[in-house]
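Everything below concerns the one structure shown next.
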Amino acid sequence: MASPDPRREFLTFASAGHEPLDPSDPAPGQVSEDLTGWDRGRLEAVFETLLRADLDHAWDGDQMVFHAADRPKVIEVLDRFRDAPRHEIDEVLDRFDEDEEEGF
């Protein structure tokens, strides 16, 4: 069974003490990025990288919201995967899968 398209789920990864992240209504100190046109693998690589880096984010449809203070780090992740060749994205996702199998 195929996993759901990450753009069609509303998920929030927020640390205690931060304003909840809501892509439809960003709070002050939160910014959003439009990820329209990003393919599923590219999005999975971005979201998994942000999660593993403990960078709070939420998304709904094609909008991703994160804390403005994290913008440089988030943009670095987005830039890493924006134009990455497919084989590089696949390698990253394979590494994440291996880490999960090993319990990391």
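The values are calculated or read from the model by the stated rules, or taken from the named source; none is laboratory data. Since we're looking at a predicted model, the values are computed, not measured. Cβ placement follows ideal geometry from the backbone for every residue including glycine, while neighbour counts extend to all protein chains displayed.
Annotations for the structure displayed:
- Looking across segment 68-90, the residues that are surrounded by 11 or more Cβ atoms within 10 Å (Cβ to Cβ) and within 16 Å of ARG40 (Cβ to Cβ) come down to LEU78, PHE81, ARG82, ALA84, GLU88, ILE89, ASP90.
- Flag if ARG40 is within 13 Å of the chain's Cα centre (by Cα), at pLDDT 65 or above, surrounded by fewer than 18 Cβ atoms within 10 Å (Cβ to Cβ) and closer than 24 Å to GLU100 by Cβ: yes
- Looking across segment 53-67, the residues that are surrounded by 12 or more Cβ atoms within 10 Å (Cβ to Cβ) and either in contact with a Gly (Cβ under 9 Å, 6 or more places away or on another chain) or over 13 Å from TRP38 (Cβ atoms) (or both) come down to ALA53, LEU55, ASP56, HIS57, ALA58, ASP60, ASP62, VAL65, PHE66, HIS67.
- The condition of being more than 11 Å from the chain's Cα centre (by Cα) and either farther than 24 Å from ASP97 by Cα or in a helix (DSSP H, G or I) (or both) does not hold for GLU48.
- Among (1) within 14 Å of ASP34 (Cα to Cα); (2) in a helix (DSSP H, G or I); (3) among the aromatic types (Phe, Trp, Tyr) - the single one PHE96 does not satisfy: (1)
- Options ASP25, ASP34, ASP60, ASP56: the member that is modelled with pLDDT of 85 or more and farther than 22 Å from GLU100 by Cα: ASP34
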